[in-house]
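Notes for the one structure printed next.
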Amino acid sequence: MTQRLVLHEDPCSGNCHKIVLTAALLGLPLERVRYDITKGETRTPEFLATVNANGRIPVLQVGDRFLPESNAACWYLADGTALIPADRFARADMLRWMFFEQYNHEPNVATLRYWLHILGEGNLSETQRGQLAAKRAAGDAALALMDEHLATRDWFVGDGPTLADIVLYPYTSASGQGGFALAAYPAICRWLDRLGALPGFVAMV
């Protein structure tokens with residue numbers, strides 16, 4: 001890629017780390033501009049007007065164009081590489097896990113990590129407190145499904161790492177910060193170790 005790549009991010013965000021990790025595994029240079037989401041830095045008029053009108057990060061800047069949504073940014077970086085399978089069915093299966101990450105995994109595993117580790121339980125609203133048990137049950141269900149899938153294979157799709165593995169990695173690796181017991185999922189633990197041993201791997205803050 002010849003265009004300048006800039007990631008607008010909060011380093012504590014697993015969604016941002018997906019893009020950092022994708023770029024690192026592919027050896028792509030990535031500039032990083034940091035924001036603190038707890039201070040509302042992605043809700044300023046300047047950010048909304050110039051980076052993302054939705055007021056959210058990550059946003060991947062490609063030259064003078066801006067691409068919000070973490071999984072879309074990962075796809076952009078990995079398009080044409082081994083991180084996206086050439087086989088049509090495998091490619092769709094990879095997307096299946098990427099959709100699972102955003103619909104089943106992130107809203108529960110990542111949300112509890114944010115609420116408990118970053119905000120702090122004492123700062124939660126009554127509504128958030130009332131959702132803790134349901135989100136923990138749903139998060140454990142997502143992790144159990146992943147563990148069962150990985151019990152008989154090294155990677156989520158095919159014989160090597162794909163974007164499915166990359167997008168599921170950050171919040172799974174940090175799930176203990178949300179109170180999830182990773183030791184209960186041995187196949188996930190082995191998978192985390194495999195991904196962490198890939199050349200170019202970078203850990204989340």
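The values are calculated or read from the model by the stated rules, or taken from the named source; none is laboratory data. Remember, predicted model here, so these are calculated numbers, not experimental data. With ideal geometry, Cβ positions are generated from the backbone for all residues, glycine too; neighbour counts draw on all protein chains shown. Calculation scope for accessible area: heavy atoms of the full protein, side chains included, ligands and nucleic acids excluded. Shrake-Rupley method; radii C 1.70, N 1.55, O 1.52, S 1.80 Å.
Observations on the structure shown:
- Remark on residue 61: its backbone amide H falls under 5 Å from those of 6, 7, 8, 67, a criterion applied only to residues 5 or more positions apart or on other chains, H modelled at 1.01 Å from N.
- Gaussian network model of the chain, springs between alpha carbon atoms under 10 Å - residue of 187, 138, 86 with greatest fluctuation: 86
- Computed about the Cα centre, the dipole magnitude for the chain is approximately 140 debye when only Lys and Arg (+1) and Asp and Glu (-1) carry charge, each at its Cβ.
- Here is the size of the chain from its Cα atoms: Rg then Dmax, 16.9, 49 Å.
- In the chain, helices alone account for a calculated mean residue ellipticity at 222 nm of -13500 deg cm²/dmol, with every DSSP H run of four or more residues adding -39,500 (n - 2.57).
- DSSP-defined antiparallel bridges as percent of all bridges, the chain, nearest 5: 65
- Put a plus charge on the Cβ of each Lys and Arg, a minus charge on the Cβ of each Asp and Glu, and nothing anywhere else: the dipole of region 36-129 about its Cα centre is then about 100 debye.
- Gap separating the Cα centres of region 182-205 and region 73-107, nearest whole Å: 18
- Leading residue at positive end of dipole, the chain (Cβ point charges), from 195, 107, 161: 107
- What a 1.4 Å probe finds exposed on the chain is 53% carbon and sulfur by accessible area, rounded to a whole percent.
- Largest to smallest accessible area among 190, 91, 113 [probe 1.4 Å]: 190, 91, 113
- Mean accessible surface per residue for region 39-185, computed with a 1.4 Å probe while every protein chain stays in place, in Å²: 50
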